[in-house]
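The values are calculated or read from the model by the stated rules, or taken from the named source; none is laboratory data. Since the structure is predicted, the reported quantities are computational estimates derived from the model, not experimental observations.
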Amino acid sequence: MERRSNDMVVRVAVQSLILASLALAQSAPASKDSGAAARKKLFRERFLDHFNLGVEAPAAWIEETRAQNGCRWDCSVAYLSGSAATSEKPFWLNFGNSPQKLVADAKKAGVAPWFTFYLLAASAPARYTPGPAQATPVNA
């Protein structure tokens, strides 16, 4: 039971880090990047101004439910488990779902990809050293 609790803490920590980095990126000073304003507007409209809904489903299903039922999905959720940068083959690769494919499918469906990395603390270089709370930020 303790492992499951630690895994949940790690998952929440990683998601919080991602959201915090995105929020900080939004408050960064303007640069010479001509697309920065458009990305900032899109991020605000899609993620900050309303409640987001995501689903773990193929792009075709997302498009079908949008067309036939009026569903307004925001995210395509993917659960990536298995240690990264280790000798283990990540679980999600067994089904031909590389992160690049999942991102391309989400883009095709007009939704944002959302990844939950399970076992991030077990990945290299930290490999749970000295513990999950310290390993997760190092690996992220």
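Can you list the helices (runs of 4 or more DSSP H) found entirely within segment 1-90 that contain at least 3 residues being among the polar types (S, T, N, Q) and either at pLDDT below 65 or within 26 Å of residue 109 (Cα to Cα) (or both)?
In segment 1-90, the matching helices (runs of 4 or more DSSP H) lie at 2-27, 59-69.
Of everything in segment 97-138 that's assigned to a loop (DSSP other than H, G, I, E, B) and within 15 Å of residue 59 (Cα to Cα), which residue is modelled with the lowest pLDDT?
In this case the residue turns out to be 97.
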